[in-house]
1. Evaluated at 4 °C with a viscosity of 1.567 mPa s, what Stokes-Einstein diffusion coefficient in µm²/s does the stretch 150-203 have when Rh comes from the Kirkwood expression over alpha-carbon pairs?
2. At 7 Å along the Cα-to-beta-carbon direction for both GLU70 and ARG37, put a label point, then send me their distance in nm to one decimal.
3. What translational diffusion coefficient, in µm²/s and rounded to a whole number, does the Stokes-Einstein relation yield for the stretch 14-75 at 25 °C and a viscosity of 0.890 mPa s, taking the hydrodynamic radius as the Kirkwood radius over Cα pairs?
4. Taking 7 Å along the Cα-to-C-beta vector as the label spot, tell me the ARG51-TYR175 distance in nanometres, rounded to one decimal.
5. Show me the helices of the chain, taken as full DSSP H stretches, that run 15 Å or more along their long axis by Cα and average -1.0 or above in Kyte-Doolittle hydropathy.
6. Where Lys and Arg each count +1 and Asp and Glu each count -1, what net charge lies around PHE191 among other residues with Cβ under 13 Å from its Cβ?
7. At 222 nm, what value in deg cm²/dmol follows for the chain if DSSP H runs of at least 4 each add -39500 (n - 2.57) and the sum is divided by all its residues, to the nearest 500?
8. Mean projection of the alpha-carbon convex hull of the stretch 40-176 over all orientations, in nm²?
Amino acid sequence: MPSRRFTSHNPPANLADHVAETIRRQLIEGELRAGQRLSEAALSEQLQISRNTLREVFRSLIKEGLLLHEPNRGVSVVVPSIADIIDIYRVRRLIECQALEKAWPLHPAHKRLKQAVQDAEAARAAGDWRLVGSANMAFHAGIVALSDSERLSAMFADIAAELRLAFGLLDDPEYLHAPFVDHNAQLLQLFMQGQTGAAARELEAYLVQSERMVLAVYAREVR
C-alpha cells in the first residue's frame, strides 16, 4: 500500500507549520548547511507533501530569514553574515541571561538542561561534534524555556537555526563546541544550587567568549 501523500486539496490542520518546524529543526541539528540548495522535487518527496504546500513553507522560512530565493537559481539556505552573528549574540544575551537569573531552580525545564548536558557529554565521548552542537542548542533552548514564554522560545528557535548555520560554515566543530560542554555543566550546577545571579553572570561571560570564537574563526574561513 503506498504511503499517504498530503496535497493542497487535503492538508491536515497546520501542515505547513509542521513542515516548517521540521526544516527548522534540520537547520538547528546541522542536517542542512548554509548555502545548500533545496530541490523542490526531492524535498516534497522526502517530506511527503505537495509542491504547493512546500512553496508555502518556503515563503514562511524566507520571511523568517532562514531561506533565500534567487531568480533562476531557486531556494537555498541562507548564509549568515558577520553582522547577523553579532546581532544573534546580542539577542541571546538579552533573553538567556534574564531567563536564567529570574528562574526557580526546580522549574520543569531544569530536566531539559540536565538531559542536554548528559547528551553533550556522551556525544563528546563518542567524538560526534555535530551531536555535541545539537545538545548545546538544546541546552540553551532549555534556558529560554525557563522564561515560560512561548514567544521567546519561538524566537530562540529561529535564532538557533541561524547560529547553527554559521557553525556549519566552519571546519573545526570540535574547537567551537568542546569548551562549552563543561561550561554548560558548570552553569547547570550553579543554577541547581540556587545561585541564579552567579549563573547569569557566568552565562553572559560565556556568550561573549562564544561570540568572539565564532567571529574569529568565521572571519578567517568565510570569504
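1. Answer from the Stokes-Einstein relation: 99 µm²/s.
2. Each label point lies 7 Å from its Cα, and together they span 0.9 nm.
3. For the chosen part, D equals 209 µm²/s.
4. 4.3
5. 15-28, 51-63, 82-102, 110-126, 129-145, 150-168, 173-192, 196-221
6. +2
7. Calculated from helices alone, the mean residue ellipticity at 222 nm is -23500 deg cm²/dmol.
8. Averaged projected hull area, Cα only: 10.3 nm².
All of the numbers you see were taken from the coordinates with simple rules; none came from a lab. Values in this document were obtained by computation on a predicted structure and should not be read as measured data. A quick note on method: Cβ atoms are made from the backbone with ideal geometry, for glycine too, and the neighbour counts reach across all protein chains shown.
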